[in-house]
Amino acid sequence: MFRYGVISDYNGSRLGENIASFVIEKSKPPSKPISCTGLTNLATGKHSIGQDRNLVFFGVSEGPEWEIYDSITKQGTIGSYAFFHTGAECAV
């Protein structure tokens, strides 16, 4: 499967439902919105949606800074990160 021009390997089951789940998951935007409370829970280990490495964008999801962040999230070579975005008010 190609995602943003990068090959995304699939090493899972060959059952149709598993392949479909993989494609659906890979079709979602790489960065997930997260609330301030969710971010606190993620940072303190109370939230299990992240990984060992998380990258968070603080601010409005538009403009040149967002475009740089968004392009980073679409690179297939940094699969060990979970990506999140939230408002600037959570950066305190």
Give all pairs with beta carbons closer than 6 Å in which a residue from segment 57-69 that is over 12 Å from Ala88 (Cα atoms) and free of Cβ contacts under 8 Å to residues at least 40 places away in the same chain meets a residue that is hydrophobic (A, V, I, L, M, F, W, C) and surrounded by 11 or more Cβ atoms within 10 Å (Cβ to Cβ); count only pairs at least 6 apart in sequence or on separate chains. Tyr69/Phe57
Filter segment 33-53 for residues that are surrounded by fewer than 16 Cβ atoms within 10 Å (Cβ to Cβ) and modelled with pLDDT of 85 or more; which is nearest to Ala82 (Cα to Cα)? Pro33
Residue that is modelled with the lowest pLDDT, among those in segment 54-71 that are out of contact with any helix residue (DSSP H, G or I) (no Cβ under 9 Å at 6 or more places or on another chain) and loosely packed, with under 15 Cβ neighbours inside 10 Å: Ser71
Matching residues in segment 14-31 (at pLDDT 85 or above and either in a loop (DSSP other than H, G, I, E, B) or surrounded by 15 or more Cβ atoms within 10 Å (Cβ to Cβ) (or both)) number 2
Segment 3-13, residues that are modelled with pLDDT of 80 or more and either surrounded by fewer than 11 Cβ atoms within 10 Å (Cβ to Cβ) or closer than 11 Å to Lys74 by Cα (or both): Asn11, Gly12
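The values are calculated or read from the model by the stated rules, or taken from the named source; none is laboratory data. From a predicted model like this one, the values you see are computed outputs, not experimental measurements. As a convention, Cβ positions derive from the backbone with ideal geometry for all residues, glycine included, and neighbour counts pool all protein chains shown.
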